[in-house]
Structures are given as structure tokens and as C-alpha cells.
1. For the chain, return all DSSP H helices satisfying: extent of Cα atoms along own axis at least 15 Å; mean Kyte-Doolittle hydropathy at least 0.0.
2. Could you state the per residue volume, in Å³, of the convex hull enclosing the Cα atoms of the stretch 199-245?
3. Using a ≥ b ≥ c from the Cα gyration tensor of the stretch 55-97 (square roots of the eigenvalues), is it rounded, prolate or oblate, where a/c under 1.5 gives rounded and otherwise the larger of a/b and b/c decides, a/b for prolate?
4. Assuming a ≥ b ≥ c are the square roots of the Cα gyration tensor eigenvalues, decide whether the stretch 92-212 counts as rounded (a/c under 1.5), prolate (otherwise, with a/b larger than b/c) or oblate.
5. If you restrict to DSSP beta bridges whose two residues both lie in the chain, what percentage is antiparallel, to the nearest 5?
6. How high is the relative contact order of the stretch 135-192? Use alpha-carbon pairs under 8 Å, at least six apart in sequence, and give a whole percent.
7. In percent, what relative contact order does the stretch 201-343 have, based on Cα pairs under 8 Å that are 6 or more apart in sequence?
8. Who wins for biggest fluctuation among Gly206, Gly280, Gly345 in a Gaussian network model of the chain, springs between alpha carbons below 10 Å?
Amino acid sequence: MSERPDVLVVGGGVVGVCTAHYLVERGARTTLLERGEICSGASHGNGGWIFPSESAPIPGPGVIRESLPWLFDPESPFWIQPRANLALLRWLWDFRRACKASAVRESFRLRRSLSLASLERFSEFANKLDFGFTQRGLVLIFRTAKAMRNAQHEVDLLEAAGGSAKWLGVEELRGRVSGLSPGVSILSPELVGGLEFTDDAHITPGDFVRGLAADVARRGAAIETHTEVLGVEWSRRGPVRVRTTRGDFTADEVVLAAGAWTPELTRGLGLRVPVEAAKGYSITVERPEGHPDLPLALVEGMVFVTPMGSRLRFGGTLELAGLDMRVNQRRVDALARTVRSFLPGIPRTPTVEIWRGLRPLTPDDLPILGRPAGTSG
Ligand SMILES: Cc1cc2nc3c(=O)[nH]c(=O)nc-3n(C[C@H](O)[C@H](O)[C@H](O)COP(=O)(O)OP(=O)(O)OC[C@H]3O[C@@H](n4cnc5c(N)ncnc54)[C@H](O)[C@@H]3O)c2cc1C
């Protein structure tokens, strides 16, 4: 490399690429290191929802009690692989604390303000990049009155924060989620209602990250793919050294944005980063002709459905199974069955991709931002 960058960014997912973008915008010489291709982690196959209305974190009152039966069901949308791992035990302990009502209210406030700021930034990016940004809201659909009652808690949080949502009766729901041909609904007759949010947006996440990375490279950042970071070394004085499979890189500062793999990089630095890998799956198919351009959440199944241009993506599940990237076919099949049970009217179309990815998940579901106390670089 000819010139030492001011900043090295590790990780070419949405966080690393956006970080590189804002660094370049502020005039920093920036190099991004990615071990695979850009957007080969969680940022590729996710739901693409920019959803400030649903800012409640994953932990919440009653979440532990309600999810316990799922832990023993191989087809459930939530699972923890039993293992004696100190980091996981500490994480679960912190998760339990984050389930308190007061902690949830504070997380909601922070997550909502971050998410509203994100929504604004995405709509600015949409002026110069094409990544399917669509701000037409989304609809939660329910199969049981109990799940509808439970959702009232989140509506209360939202309304207290100045947002709004609209309950839909069955007929209104059918009107809102139109069928593929007149008079034919895609919805199951067993649904009991819906909840509509009008301000939220959806995107095609891979198009966003790859488009922004190409733009950042055009504006002068060096994007080094197939460059795996093996370790980070820093001292109180002098540059930070990053060891990679393509030799050493040095810079004044390093940003770690390696998603679920970040704790692997900080361990050698004596920093505890409470991030667990939370595996999720998605199935992307060709979008049936006339399918509504409206994302749906199939609430009891914890499944999202997002139209993305000529594709339609279904996804969900949350497995705490460490950095294991194996595909659990039973969960993929269960996901497809959930979609068919809520939306039997969607015709089968060819599958484009079955995907799994590891969300970086903190116990309170808040991001970890900023410098570790007492460090530089
Ligand atoms: C099924 C599913 C659905 C989701 N739906 C949504 C949604 O609708 N809306 C939403 O906002 N979020 C959603 N998410 C969460 C979202 O995908 C993640 O929060 C986000 O992608 C995390 O981005 P990231 O940049 O931190 O991580 P990643 O995208 O995983 O990027 C990390 C990158 O670091 C690289 N890397 C790792 N280790 C190294 C190393 N040693 N050296 C170099 N490079 C390294 C990886 O290859 C990877 O490219 C969903 C997640 C899943 C799994």
C-alpha cells in the first residue's frame, strides 16, 4: 500500500461500509478490510426493513417465560444451543436484566431515535443510489387474539414516543393486503386482524451495501476484499497494527465492524464485547406477478415477508448457536410452512436463494458504539 490510511475499517457489511462512507465524507484516508466479498455477512440476506415504529428490543417482560417451550422444539423460530460457554452465560445473564420494563423503555427510546435517523439517511442515499428504497409502511398480521393483545404493549410504547399505528379488522386487512387477482386473497381465512405502520420503509439490503461500497471506492477509499484480519495490536503510542492474510496494515485508528465475529478480534486486546451470533434464515423466490409491494410480518411465526424488486424474501428464526454457519433444513422447512399457513394464496415460484446469516446481537439489543474507555486508536 502506498500511503498509510488514517483509518482502517474491519468488515464490509452495512456497518463497515457506512462507516467508510462517513469517514471519506469527512476527508479521512480510509481503507476497508473484508475477508470475503463486500456484503457477505448478515447484511446480505436480511429482511431489509427500516422500521422505527418497531423499536422494542428483543428482550422484554415475559420474553424468557414465553420462549422457554420453544427451546425444546427443533422447528421453533427461537433456539439456544446448550453449551457451557462463559461468554454465553454472561450474555444470557445480561439479557435477563435487559428484560426489565424500565430497561426496555430506555432501549426503545434509544433504538427509535437511531432508527429514525437511519430512515432519514437511507432516504438521502436513495437520491443517488438505487437500492429499492420504498417508504410505504408495513403490516403485521395476526392469527390469534392473544398475539394482538400482546402487541398493544408495543403500540403504547410507540404512541408515547410520538408515533402511531392503525389496528385493522379482518376485512380492512384483506383490503389492505390485496390479492393477486380481483376477489382472490393471498391471506389465510384464519387470520384475526392486522396492525399497520405507515411511515416505515424497506430496501434491498445487498444492493444498498454493494452500491455504497462502489461509491465509496470511487471517492477514494481503498476496499481490500479477500483480506482476513487475524489480529489487532495497539500500543499507547504509535499506529495500530492490523495483521491480515495479506500482510500487515497500519493506521492511526481502527474501527471494528466485523459483526458477529467482532468478539474474536477483541479477545486478544483484552476487551469484552458482549455480542452473540444470532443465526437467521431467509428464502428468496421470484416474485409472483401482482404480489403487493408491501412488507408483512407473520407475527406468531416470527416471519418477515419483503418484496424486493422482482424478488420476494421470507425470513426469520433466531438461533444462538455460536459461529456455526450450518443450515438447519428443518428450520428452513418450518419457515416455508409458516409462510404457506399465513399466506396460502401465494403461488409457488422458483427459489433464488436459501440463505443463513449471523446477526451480531447484544443482550440489550443496542449497538456498541465508540471508543473503549481508556484507549486510543
Ligand atoms: C434473518 C435476518 C433478518 C434480518 N432483518 C433485518 C431487517 O429487516 N432490518 C434490519 O435493520 N436488520 C435486520 N437484520 C439484522 C442485520 O442483518 C444486521 O444487524 C446487520 O447486517 C449487521 O451488519 P454488520 O455490518 O454489523 O455485520 P455483517 O453484515 O455480518 O458484516 C460483518 C463483515 O465482517 C466480515 N468479517 C468478519 N470477520 C472478519 C475478519 N476477521 N477480517 C475481515 N473481515 C471480517 C464478514 O465477512 C462480514 O462481511 C436481520 C438479520 C437476519 C439474520
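Each value in this text was obtained by applying a stated rule to the coordinates, not by laboratory testing. In this text, all values refer to a predicted model and were calculated from it rather than measured experimentally. Virtual Cβ from ideal backbone geometry, glycine too; neighbours counted across all protein chains shown.
1. Within the chain the helices that satisfy the rule are 14-25, 86-98, 205-218.
2. 167 Å³
3. oblate
4. oblate
5. Here the antiparallel bridges make up roughly 75 percent for the chain.
6. Over the stretch 135-192, the number comes to 41 percent.
7. Normalised by residue count, the contact order of the stretch 201-343 is 17 percent.
8. Gly345
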